[in-house]
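One structure is given here, and the rest of the page talks about it.
The values are calculated or read from the model by the stated rules, or taken from the named source; none is laboratory data. Treat the numbers as computed from the prediction; the structure is a model and nothing was measured. Cβ: placed from backbone, ideal geometry, glycine included. Neighbour counts: every protein chain shown. The area values use the complete protein model at the heavy-atom level, side chains included, leaving out ligands, DNA and RNA. Shrake-Rupley method; radii C 1.70, N 1.55, O 1.52, S 1.80 Å.
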Amino acid sequence: MSDTQVDHDILDIAARLHWYALTVPAQKEFVAQKILRRYGLRTFVPLRREYRHASAKAKRTRQPKQEFCFPLAPRYLFAGFTPGRPLWFDLFSLPCISGVVGIDGRPMPIVRKDMTRLVRKTATGINAPEAQKFMRTHHEFSVGDVVRVMDGPFEGLSVPVVEITGGLARLCLSLFGGAVDGVEVRLDWLEAA
């Protein structure tokens, strides 16, 4: 199973385990998950899926964006233990584990029904809208947002988005005294204002 591949039986198992939120070093969520799985622990990293260029060269040559997985809660990973006392000493001897979420120095388990709900909502990842494949990275927007036109004949204007279809956005732009109110502009010419 790859680092970001969905563990399909996690929904069945989530309700039977005692879950704790562990902290890990920045950008090491998937590495820690892989290591803990080797030790026989069930782990869960909620995912969000976004569109990004595979490299700087891919961006320069205007290659299409690809879907990548990122942790929904950076620096956190959930570990499920069979009922009983987790072996914290062994766990903290691993360099990939920074700590555990707790109160007054005591690790606090996550309520099972809350963990089950989290797993159910995010087991397959929270997907970015397909249209974001065509938008500028880190400047994504949705219908109703105000965008700034960065290229083309309307460059410099800030207007609301009425509709997004494929690689185009219909903008609420009054031209010629209101004679033209819906103008379609390429998504890569726009960014969130």
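Observations on the model:
- Taking a point 7 Å out from the Cα of Leu175 in the direction of its Cβ, the residues of segment 137-158 whose backbone N falls within less than 13 Å of it are 152-155.
- Sparsely packed loop sites in segment 21-71 (the chymotrypsin sites (Phe, Trp or Tyr not before Pro) outside DSSP H, G, I, E and B with at most 15 other Cβ atoms within 10 Å) comprise Tyr39.
- The slack in the chain from Ile13 to Val143, taken as 0.36 nm per residue of separation less the alpha-carbon distance, amounts to 43.0 nm.
- MRE, 222 nm, helices only [DSSP H, n ≥ 4, -39500 (n - 2.57), over the chain, to nearest 500]: -4500 deg cm²/dmol
- Remark: the chain carries a charge dipole of roughly 800 debye about the Cα centre, counting +1 on each Lys and Arg Cβ and -1 on each Asp and Glu Cβ.
- Volume per residue of the convex hull around the Cα atoms, evaluated for segment 57-161, comes out as 201 Å³.
- Surface share of carbon and sulfur [accessible, 1.4 angstrom probe, percent] for segment 71-151: 57
- When +1 charges are put on Lys and Arg Cβ atoms and -1 charges on Asp and Glu Cβ atoms, the dipole computed for segment 81-148 relative to its Cα centre reaches about 200 debye.
- Comparing Ser158, Ser142, Ser174 in a Gaussian network model of the chain (Cα springs below 10 Å), the most mobile by mean-square fluctuation is Ser174.
- Using θ = phi - 60° in the Karplus curve 6.51 cos²θ - 1.76 cosθ + 1.60, the 3J(HN,Hα) couplings for segment 99-107 round to x, 9, 6, x, 10, 6, x, 10, x Hz; x is entered for Gly and Pro.
- When semi-axes √(5λ) of the Cα gyration tensor in Å is calculated for this entry, the matching label among [x] 44, 17, 14; [y] 31, 17, 14; [z] 23, 20, 16 is [x].
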